[in-house]
1. For VAL232, indicate whether it is among the β-branched types (Val, Ile, Thr) and open to solvent by 10 Å² or more (accessible area, probe 1.4 Å).
2. Would you check which residues across the stretch 263-292 are open to solvent by 10 Å² or more (accessible area, probe 1.4 Å) and of a type in the set (S, T, N, Q) and list them?
3. Find all pairs meeting these conditions: Cβ atoms under 7 angstrom apart; at least six residues apart or on different chains; first residue within the stretch 327-343 and over 12 Å from ILE314 (Cα atoms); second residue hydrophobic (A, V, I, L, M, F, W, C) and crowded, with 24+ Cβ neighbours inside 10 Å.
4. Provide a single number: the residues in the stretch 338-360 that are in a helix (DSSP H, G or I) and among the small types (Gly, Ala, Ser).
5. Just checking: which of the strands (runs of 3 or more DSSP E) contained wholly in the stretch 1-115 hold 1 or more residues that are among the aliphatic types (A, V, I, L, M) and farther than 24 Å from VAL323 by Cα?
6. Which one of PRO264, PRO271 is closer than 21 Å to ALA106 by Cβ and of a type outside the set (S, T, N, Q)?
7. I'm trying to understand the selection: among the residues of the stretch 293-321, which are open to solvent by less than 20 Å² (accessible area, probe 1.4 Å), over 11 Å from ASP274 (Cβ atoms) and under 13 Å from the mean Cα position of the chain (by Cα)?
8. Restricting to the stretch 244-274, give me the number of residues that are modelled with pLDDT of 95 or more, in a loop (DSSP other than H, G, I, E, B) and of a type outside the set (Lys, Arg).
Amino acid sequence: MTPPEQPLKALVVDDSALFRKIVREVLQQIPGVEVVGTAANGRAALERIVDDRPDFITLDLEMPELDGLGLLRELAVRDLDVKAVMISSQTSTGAQATSAALQLGAFDFVLKPHAAQPAANAEQLRRQLEPKVAAIASTIGHRRVRIEPPQPAPPPRPAERAGKFATPKIVGIGVSTGGPAALSRILPRIPGDFPCPIVVVQHMPPMFTKSLAEDLNRSCRLEVLEAHDGCVAEPGKIFIAPGGKQMRVSMLTGRPVIQITDDPPERHCKPSVDYLFRSLASHFGPEALGVILTGMGDDGTIGCRHLRERGARIIAQDQATCVVYGMPKSVFEAGLVDQVEPLDRIVPCLVSAATVEAAV
């Protein structure tokens, strides 16, 4: 018999009494969430986490005694399994701190609303928090039912393709929830002589992608930068799509040129993996390689279908190493994946693919 669903236990951590009240009330309106308490700083939060074992916390970054980043480090040191959703200010400083938090293992973030009325702030926050809570619920539920795991029917395998793949001339990566931590694990391992450019869509708002690119650039052998309109996608560089814009790659005068547009969102995403991958399929065909990493939703599935129809190779992160097995699952269940790999195997696969001569 299936055990009854348990509510998600939440702890609200913020040094503002008013904002603690707003976040608590918002969470209490989300079905399946039980708020077990609040804390005014990271030190108090740590005690509550040890005592109450919440499933997730909402976490302010700037707090006295122990700030949000300090709390994340303590959680890692003590091996406390709790998801953290950061409440981030819409400033360059907030973006930098949020990027650091995500690389420290924070689950995701929402933007702190700044409406004139408390009711409007609460509504903005609820719209942002609901999908994050749903994603946390999916990971918690998966963990709980695996006490006695059922044996599901195997998903459809992609159709076998004759022959070998062409050596790629460009690599596209699509990623969402859990992406900054995943990118910080794999991109620094790519060798400096990697022979083709890498273009990345990470679902993030403006300012946050710039901070992410700057953080990654400090640890990578390749140059990492937030893409701008008209830059040439050349080897030795990793281009992060700017938040709030769409990014595509076109061939102009024989060179791959990145174009940044204000085209509408696709699958509610801007930047969109589908949008980028469709351009790679159009201009590179079998000489593109698509990678789908951890993330909510199904952005990338349509783009991968375009790539696969043109003969490109598709690699997806496996379920065990995903923070949220949404985007890779969607692509896999659509029968579009050629390789499923754990996160730490992605770079060896890319290097192998990019350095093997194309089959005759």
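The values are calculated or read from the model by the stated rules, or taken from the named source; none is laboratory data. Please read these numbers as outputs of a predicted model, since none were measured by experiment. Neighbour counts run over all protein chains shown; Cβ positions are idealised from the backbone, glycine included. We work out accessible area using only protein heavy atoms, side chains counted, and drop any ligands, DNA or RNA first. Shrake-Rupley method; radii C 1.70, N 1.55, O 1.52, S 1.80 Å.
1. Numbers: among the β-branched types (Val, Ile, Thr): yes; open to solvent by 10 Å² or more (accessible area, probe 1.4 Å): yes.
Yes, satisfied.
2. Step one: of the stretch 263-292, the residues open to solvent by 10 Å² or more (accessible area, probe 1.4 Å) are 263-270, 275, 278-279, 282-284, 286-287.
Of everything in the stretch 263-292, those that are open to solvent by 10 Å² or more (accessible area, probe 1.4 Å) and of a type in the set (S, T, N, Q) turn out to be SER279, SER282.
3. MET327/ILE292; LEU343/ALA182
4. Of the stretch 338-360, the ones in a helix (DSSP H, G or I) are 343-355.
Applying the additional criterion that residues be among the small types (Gly, Ala, Ser) yields 352-354.
Residues in the stretch 338-360 being in a helix (DSSP H, G or I) and among the small types (Gly, Ala, Ser): 3 in total.
5. Numbers: elements: 8-13, 33-39, 56-60, 83-88, 108-111.
Per the criteria, 33-39.
6. Numbers: PRO264 fails: closer than 21 Å to ALA106 by Cβ.
Testing whether each residue is closer than 21 Å to ALA106 by Cβ and of a type outside the set (S, T, N, Q) leaves just PRO271.
7. LEU293, THR294, GLY295, GLN317
8. 7
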